[in-house]
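Since the structure comes first, as structure tokens, the remarks are kept for the end.
The values are calculated or read from the model by the stated rules, or taken from the named source; none is laboratory data. The structure displayed is predicted, hence computed values, not measured ones. Please note: Cβ atoms are built from the backbone with ideal geometry, for glycine as well, and neighbour counts cover all protein chains shown. Remember, those area values only see protein heavy atoms, side chains included, never the ligands or the DNA or RNA. Shrake-Rupley method; radii C 1.70, N 1.55, O 1.52, S 1.80 Å.
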Amino acid sequence: MPRPVVLLVVPMAEERRRIAQEKLGSLAEVLVRSDLDDATLARRAPEIDVLVTGGFPRDIPADVWPRMTRLRLLQTVAAGVDHLPYDVIPARVTIASNAGAHRIAIGEHSMALLLAAAKNVVRHTEAIRAGKFLQDLMGKSVRGKTLGVIGLGGIGGEAARLAVGLGMRVVGINRRGSSDAPVAWCGTMSDLDRLLGESDFVLLSIPLTRHTLGIISARELGRMKPDAVLINIARGKLIRERDLYEHLKANPAFVAALDVWWQYPRGEGRPFTEPFHELPNVVMTPHVAWAVPEQSGRSLVAALENVARFLRGEPPRNVVDREEYAFEGG
């Protein structure tokens, strides 16, 4: 039987190459996309068993996909998989996400957004820059308040543990209706209204699928407390953009803290179509919850360990159900 071949379509600095050899060297031949010109890639394509991608496999030319006749696993380094080119990935290929690998960095960023919103950090910063010293703008205490986590998985569970450390009560929902996170209760998605109604802060940490697209609309926003804080570190399209804008405009005590967006400009421009930048009750970061130096190594190690499981004949973790992502824009 030929030796398996793994193609890494991710940035591979020297240390990352060392990690790849450590994790996979005894199990497969490891190729790095940046080392291959298009002609060499096309020649080696029929030998490739596993493709490891950052989630945006643009570095694979369209005419190479049909040549990867031995491809059996596509492993992402990213956690989200709603943007993968499902139309070109052969149906026989198992797709595995990197769910949970980003939980530390994104869990921390969730708390940063929560505290920035609760303590009016951005508004105070802007006021001082404008020469104003506004000590009458009151913040919120988080101790004793309830955080509702929609998507109580790896990231949601990490956020829950951090929130409990701040003295918060945490409740959550996921598809299973169970979790080992320190929560007062964990329900299923059918408990969404209950969660929204009793939460002072709501965190979205759920994948974007055809079932969760637009899960937060005017109806759900209306069920939240008038002075609640909505934090989104998952995907922008979980929330209906127009509905959120109108709700923020009509309810100045309500705050949105957003790291993910409905559109993505390249360097210049704004990541929304509604004028959120004109509202004072929005905290915004440019999809950087993952962006800490340590995260790159953590994500790669988790992805390669899953590939190693597959190469040893063990079932890979975090297998994606393609039907969940059969929606426009997915």
Test ASP200 against the stated conditions and say whether it is under 21 Å from GLY153 (Cα atoms) and either over 22 Å from the mean Cα position of the chain (by Cα) or without any contact (Cβ under 8 Å) to a residue 12 or more places away in the chain (or both).
-> yes
Which pairs do you get when a residue that is farther than 16 Å from LEU204 by Cα, found in the range 280-292, comes within reach of a residue that is open to solvent by 50 Å² or more (accessible area, probe 1.4 Å), reach meaning Cβ atoms under 7 angstrom, with the pair 6+ apart or on two chains?
-> PRO280/ARG123; ASN281/PRO252
Of the residues in the range 68-84, those that are of a type outside the set (S, T, N, Q), assigned to a loop (DSSP other than H, G, I, E, B) and farther than 24 Å from GLY151 by Cα come to MET68, ARG70, LEU71, ARG72
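This table checks each residue for (1) in contact (Cβ under 8 Å) with a residue 24 or more places away in the chain; (2) farther than 19 Å from LEU147 by Cα; (3) part of a loop (DSSP other than H, G, I, E, B); (4) open to solvent by 10 Å² or more (accessible area, probe 1.4 Å).
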site	(1), (2), (3), (4)
ARG219	no, yes, no, yes
GLY222	yes, no, no, yes
LYS225	yes, no, yes, yes
ILE231	yes, no, no, no
ASP243	yes, yes, no, yes
LEU248	yes, yes, no, no
PRO252	yes, yes, yes, yes
ALA257	yes, no, no, no
Please go through the range 83-121 and pick out each residue that is open to solvent by 20 Å² or more (accessible area, probe 1.4 Å), under 25 Å from LEU71 (Cα atoms), within 20 Å of the chain's Cα centre (by Cα) and among the aliphatic types (A, V, I, L, M).
-> ALA99
Restricting the search to the range 286-315, which residues are open to solvent by less than 30 Å² (accessible area, probe 1.4 Å), modelled with pLDDT of 95 or more and of a type outside the set (Gly, Ala, Ser)?
-> LEU300, LEU304, ASN306, VAL307
Tell me, yes or no, whether the range 39-46 has at least one residue that is more than 21 Å from the chain's Cα centre (by Cα), open to solvent by less than 10 Å² (accessible area, probe 1.4 Å) and among the hydrophobic types (A, V, I, L, M, F, W, C).
-> yes
